[in-house]
Amino acid sequence: MESMRKPNYRRLEIWWVQLDPARGNEEKKTRPCLVLQNDTGNQYSDITMIVPFLEPKSYPFVVVVQPSSQNGLDRPRGLNLSQMRVVHYSRLVSKLGTLETSYLPQIETAIAIELNLFGK
């Protein structure tokens with residue numbers, strides 16, 4: 001891995017993340033992504049869990065986020081919880097903003113649906 005200084009990223013921040021090289025149906029390119037991992041993990045680990053923002057869709061595992069000055073998004077985007085993945089910190093390019101905490105209940109529900117935590 002190339003040597004670079006680890007950026008200080010925190011849970012619920014939105015970062016530009018280099019997702020290439022990708023395989024199969026994994027998301028590609030450099031995209032805005034939400035840092036989902038907790039801050040203790042972010043502090044002590046060289047990897048973090050992220051979720052890419054894609055086109056907004058009305059799926060139960062997608063949370064549509066409206067652009068704001070706080071989150072830095074340029075248009076409504078879909079936070080696709082079916083594409084959660086772990087990446088090395090070297091993939092994080094630059095911080096875009098911070099997601100509003102008002103989206104947390106929707107994110108928690110989307111994760112529970114994606115992982116079948118309701119057992120249905």
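Here are a few things to note about the model shown:
- A count restricted to segment 93-110 and to residues that are within 15 Å of VAL64 (Cα to Cα), surrounded by fewer than 17 Cβ atoms within 10 Å (Cβ to Cβ) and within 15 Å of the chain's Cα centre (by Cα) stands at 5.
- Number of the exception - TYR59 against (1) buried (at least 18 other Cβ atoms within 10 Å of the Cβ); (2) modelled with pLDDT under 95; (3) not basic (Lys, Arg): (1)
- Across segment 86-108, the number of residues qualifying as touching a residue at least 12 places away in the same chain (Cβ under 8 Å) and either in a strand (DSSP E or B) or hydroxyl-bearing (Ser, Thr, Tyr) (or both) comes to 14.
- Listed by first and then second residue, the pairs linking a residue in segment 1-26 that is at pLDDT 95 or above and loosely packed, with under 10 Cβ neighbours inside 10 Å to a residue that is aromatic (Phe, Trp, Tyr) and not in a loop (DSSP other than H, G, I, E, B), with Cβ atoms under 7 Å apart and 6 or more places separating them unless they lie on different chains, form an empty list.
- Here TYR9 meets each of (1) farther than 15 Å from SER94 by Cβ; (2) touching a strand residue (DSSP E or B) at 6+ places or on another chain (Cβ under 9 Å) with one exception, condition (1).
The values are calculated or read from the model by the stated rules, or taken from the named source; none is laboratory data. In this text the structure is predicted, and so the values were computed from the model without any measurement. Positions of Cβ are generated from backbone atoms using ideal geometry, with glycine treated the same way; all protein chains shown enter the neighbour counts.
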